[in-house]
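Below is one structure, written out as structure tokens; the observations come after it.
The values are calculated or read from the model by the stated rules, or taken from the named source; none is laboratory data. Every value quoted in this text rests on a predicted model; they were computed, and no experiment measured them. All Cβ positions, even for glycine, are placed from backbone atoms using ideal geometry, and neighbour counts span all protein chains on display. Note: accessible area is taken over every heavy atom of the protein model, side chains too, but ligands, DNA and RNA are not part of it. Shrake-Rupley method; radii C 1.70, N 1.55, O 1.52, S 1.80 Å.
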Amino acid sequence: MQFDSISDFFNMGGYAFYVWLSYGVTFFCFSTLIISSARQKRKVLIEIAKKMDREERLKETRSTK
């Protein structure tokens, strides 16, 4: 589709509300997904590090006995 002016582009042939709303909803969903995935990954990595530290302390405790 070719637009004659920038205002025609933003108007989207009279469907601007639906078009830009769909872009906004999609961007919001992707952003939320990326942020929540990054937070969950960080939590998992912290838990793994805690478990590894705990296992190392247990090894040290067992070897000193």
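Checking Phe30 against (1) open to solvent by 90 Å² or more (accessible area, probe 1.4 Å); (2) not in a helix (DSSP H, G or I): exactly one of these is not met. Which one? The number of the failed condition is (2). Screening the candidates Gln2, Gln40 for the property of being open to solvent by 100 Å² or more (accessible area, probe 1.4 Å), free of Cβ contacts under 8 Å to residues at least 12 places away in the same chain and not in a helix (DSSP H, G or I) yields one hit, Gln2. Within the option set Glu55, Glu60, being open to solvent by 90 Å² or more (accessible area, probe 1.4 Å) and at pLDDT 95 or above holds for one residue only, Glu55. Restricting the first member to segment 10-34 and to residues that are at positive phi, and the second to residues that are part of a helix (DSSP H, G or I), the beta-carbon pairs closer than 9 Å and six or more apart or on different chains are Met12/Tyr18; Met12/Val19; Met12/Trp20; Gly13/Val19.
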